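In what follows, a structure is listed as structure tokens, so that the remarks can point back to it.
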Amino acid sequence: MTVLHFAARAAGVTGRGAILMPNDLTGCCPGAPARSDAVKSPFSRHRASRCHDPVSYVENRDPSALESHALDPLQSGRTINATSSPAATPATSPSSTPRAAEGTGTAALAARVKKATAQVEAVEKAAAAVTQKAKTVLANTSVTEGTVKELQQSLQKQQAAVGEAQKNLAQEINDVRKGGPPATASVTEMSKLLPKVRAAQAGVVEQLNKARAALAKLGQAGGKEKEEKDSKDFQEAFPAIKDLTSVAEESVVAIVTMAEPIISNPPAEGSDDLKKALDEVEAASTDAQTKINEARKEITQKLTGAKNYAGEARKTALTEYSALQAKLTEAQRKLGPFRTFKKDFQQRVKAKQALSDLADKLSNAELEVEKASLLCRGFARQ
């Protein structure tokens, strides 16, 4: 305990437990002139006669005057409250104020309610306009698919806007609710807005579902029309593609027929007849290859287009064009050996001759086996 504390207690100073600094007091020394404002102004300092003896000051001081100088935080900045510490009342700043406490005064709450109400009314108005437009459009029996698609997009945008408004309103209510009892009335008023937002959302969703159903119905009707159109397109295009395929097949068959006698009974080796025959076969194979390529190109294009056909028209077109493509593949397989007919001619002739010789040998062998069989039977009878 300091000397000042002891002196104050000895003089009977009680109450707030205040401690006065000697420099702040007047008439502190015996015989020092008293100041008329000693009680009126606790901040006055008697610079002329400062007391350096706090005990002497207390002994010569009226206790009532000491009581009048007891510390008051509203009067003296040099007063030290013995029952509290500076940490007990920390200073607050705008940055330390919770977010929920912002705008929770009476006027601020009223402004927030007003703002939320205006936003909900705007959302209701926009949703009502879109839903009314949807009812008008969907009631028209001759509405087009494109119009309904545009309507669907508008409804989807409005649905997103109402959903966002509902989310923001719920967040605002939660923020205001953190204001405690003073914000209860405002929370109640804002909560009354939620059913309005939900009703607007329900109206938009209802018309959006009707728009989707209308699109599906229009799509089915348009699908039948498209199927008929696609079927007609296929019937008009298919005969020409079929003819191209038939021509390519026939050209390959002609080459096989042309090459057969040359292989089975070739002209004299090195003769002009042989050379001419070989040149004709190669020229015919080149022409046949060109026809196959043209037909395949047309079929490929038609197959690509047929994939966009609707219904049975698509199925029929893909089946028929695929069949023609298979025929071309077979024709290409038969044509392959004749692409190098002239180069491979001698090997073909030798191979055919070897097969013919082998067949003759097999035939002679079968004849000898038959003779031996007859002889064995004769011996068996004897």
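The values are calculated or read from the model by the stated rules, or taken from the named source; none is laboratory data. None of these values were measured; they are calculated from a predicted model. Quick reminder, even Gly has a Cβ in these numbers, built from the backbone with ideal geometry, and neighbours come from all protein chains shown.
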* Structure fact -> Across segment 211-242, the tally of residues that are buried (at least 16 other Cβ atoms within 10 Å of the Cβ) and not aliphatic (A, V, I, L, M) stands at 8
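Per-residue answers, yes or no, for (1) modelled with pLDDT of 75 or more; (2) of a type outside the set (Gly, Ala, Ser); (3) in a helix (DSSP H, G or I):
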{"site": "270", "(1), (2), (3)": "no, no, no"}
{"site": "276", "(1), (2), (3)": "yes, yes, yes"}
{"site": "281", "(1), (2), (3)": "yes, yes, yes"}
{"site": "305", "(1), (2), (3)": "yes, no, yes"}
{"site": "308", "(1), (2), (3)": "yes, yes, no"}
{"site": "325", "(1), (2), (3)": "yes, yes, yes"}
{"site": "335", "(1), (2), (3)": "yes, yes, yes"}
{"site": "357", "(1), (2), (3)": "no, yes, yes"}
{"site": "371", "(1), (2), (3)": "no, yes, yes"}
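I'd like the residue in segment 104-116 that is surrounded by fewer than 16 Cβ atoms within 10 Å (Cβ to Cβ) and in contact (Cβ under 8 Å) with a residue 24 or more places away in the chain and, out of all such residues, is farthest from residue 188 (Cα to Cα). Break it down into steps so the answer makes sense when it comes.
Our first condition is that a residue be surrounded by fewer than 16 Cβ atoms within 10 Å (Cβ to Cβ); within segment 104-116, this holds for 105-108, 110-111, 114-115.
Among the residues that remain, those that are also in contact (Cβ under 8 Å) with a residue 24 or more places away in the chain are: 106, 110.
Numbers: 106: 14, 110: 12 Å.
It comes out as 106.
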* Asked: What number of residues within segment 187-227 are touching a residue at least 24 places away in the same chain (Cβ under 8 Å) and under 30 Å from residue 323 (Cα atoms)?
  -> 5
* Structure fact -> Residues of segment 309-327 being surrounded by fewer than 16 Cβ atoms within 10 Å (Cβ to Cβ) and free of Cβ contacts under 8 Å to residues at least 24 places away in the same chain, in sequence order, are 315, 319, 322, 323, 326
* With respect to residue 165, determine if the residue is of a type outside the set (S, T, N, Q), in the same structural domain as residue 146 (by TED's automatic domain parsing), more than 30 Å from residue 312 (Cα to Cα) and within 28 Å of the chain's Cα centre (by Cα). => yes
* Every residue from segment 138-178 that is in contact with a Leu (Cβ under 6 Å, 6 or more places away or on another chain) and surrounded by fewer than 18 Cβ atoms within 10 Å (Cβ to Cβ) -> 145
* How many of the residues making up segment 279-294 are of a type outside the set (Lys, Arg), crowded, with 17+ Cβ neighbours inside 10 Å and more than 11 Å from residue 339 (Cα to Cα)? -> 1
* To do: Give segment 248-266 a look and list any residue that's at pLDDT 80 or above and either surrounded by fewer than 19 Cβ atoms within 10 Å (Cβ to Cβ) or outside the structural domain of residue 297 (by TED's automatic domain parsing) (or both), or say none.
  => 250, 253, 254, 256, 257, 258, 260, 261
